[in-house]
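These notes are about the structure you will find just below.
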Amino acid sequence: MNTGILGMGRYVPDKIITNADLEKVMDTSDEWIRTRTGIEERRIAEEEENTSHMGVKAAKKAVEQAGIAPEEIDLIIVATVTPDYSFPSVACMIQEQIGARKAAAMDISAACAGFMYGIVTAKQFIDTGVYKYVLVVGVEKLSRILDWNDRNTAVLFGDGAGAALLGPVSEGRGILSFELGADGSGFKHLYQDQHVKMNGREVFKFAVRQMGESCINVLEKAGLQKEDVDFLLPHQANIRIMEAARQRLDLPIEKMSVTINKYGNTSAASIPLTFVEELEAGNIKDDDLLVMVGFGGGLTWGAIAMRWGR
Ligand code: UT7
């Protein structure tokens, strides 16, 4: 047996903020945002809609699709940097609201690489046979911690959620290899005190290098080649960073998933959100080799090579 994904779900708020909307409230332009980042619009949660509410919606779909009962879930891991409260964890709130009575629950903080950290943590419990079913949710309400007067950051981010229910799958399927990493010396390039603060250029340079390297590393660890990759699911931070990773893998353009145009950067939610969109579109097929890769504040990074299917 191996560990894989049994079901997934996603959720985004209804409210759309376009680049044209932002032009009206700050010194920016649709042209600048599109060409520098690939973003056209983003979703923004209502005041009363919190991180936990969005996470619950994505989680319920993942559990339903996996075909298990909420009571069977052993552990819930939520990757987020925008929890409703410092404590209790968003994971506890989701546990209660989906009726996962026997599940342990915790949040992890690894910023935009959070979903990668969550999946890899889940894998350890399932591989060892300690737990059978682990729910991993990546969810953010970044609109709450943005400085809407700072055009350097306000135009980049959005709100949303994605979730995956992990459990045992047959040998050869599921997670084949992974890499996680961190470089705390880069903390000053991307952090939150009251609002998100970012040195865009430094993060950009780091991301271009790290995304490509991590993809190559997980392929090597799995004994696979670049040509074996069916889909690259990168963290959606900037289309130019994603393009650099795609080129490093020599992948044709249609093999990289792109949702940044619609959702902006949703941090820990971006990879699962994009993953679910590809599944819904019927683009990911049984036995496909997928590479997920993310990076973010910390600095942190993570990549996973996975064979889709049970
Ligand atoms: O999940 C991880 C989170 N973060 C990231 O992944 C971010 C990584 N970095 C990036 O994506 C890019 O560095 C940015 C999109 C943030 C910026 O793009 P850039 O090509 O690195 O632009 P820049 O920082 O070099 O700025 C170019 C110019 C500056 O003007 P001056 O100093 O050249 O006159 C900025 O003030 O663009 C200006 N600028 C803007 N102009 C219009 C910055 N933000 C905006 C804006 N609208 N929203």
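The values are calculated or read from the model by the stated rules, or taken from the named source; none is laboratory data. It should be emphasised that the depicted structure is a prediction, and the values quoted were computed from it without experimental measurement. As a convention, Cβ positions derive from the backbone with ideal geometry for all residues, glycine included, and neighbour counts pool all protein chains shown. Each accessible area value is taken on the protein alone, full model and side chains, heavy atoms only, with ligands, DNA and RNA left out. Shrake-Rupley method; radii C 1.70, N 1.55, O 1.52, S 1.80 Å.
Observations
- Residue list for the stretch 15-29, restricted to those being surrounded by fewer than 20 Cβ atoms within 10 Å (Cβ to Cβ) and over 23 Å from the mean Cα position of the chain (by Cα): A20, D21, E23, K24, V25, M26, D27, T28, S29
- Comparison of K197, K226, K285 shows that the only residue that is within 16 Å of the ligand (Cβ to nearest atom) and open to solvent by 10 Å² or more (accessible area, probe 1.4 Å) is K197.
- In the stretch 108-132, residue farthest from the ligand (Cβ to nearest atom) [restricted to those that are surrounded by 24 or more Cβ atoms within 10 Å (Cβ to Cβ) and over 13 Å from the mean Cα position of the chain (by Cα)]: I126
- Residue in the stretch 165-179 that is most open to solvent (accessible area, probe 1.4 Å), counting only those that are out of contact with any helix residue (DSSP H, G or I) (no Cβ under 6 Å at 6 or more places or on another chain) and in a strand (DSSP E or B): L176
- Q210 vs. criteria closer than 14 Å to M292 by Cα, in a loop (DSSP other than H, G, I, E, B) and open to solvent by less than 60 Å² (accessible area, probe 1.4 Å): no
- No other residue among K262, K188, K205 is assigned to a helix (DSSP H, G or I), open to solvent by 10 Å² or more (accessible area, probe 1.4 Å), within 11 Å of the ligand (Cβ to nearest atom) and outside the structural domain of D30 (by TED's automatic domain parsing) apart from K205.
- Within the stretch 30-47, considering residues that are exposed (fewer than 14 other Cβ atoms within 10 Å of the Cβ) and over 11 Å from I239 (Cα atoms), the one nearest to the ligand (Cβ to nearest atom): E31
- Residue match in the stretch 291-302 (condition: under 30 Å from E171 (Cβ atoms), away from the ligand (no atom under 16 Å from the Cβ), part of a helix (DSSP H, G or I) and not assigned by TED's automatic domain parsing to the domain that holds T153): no
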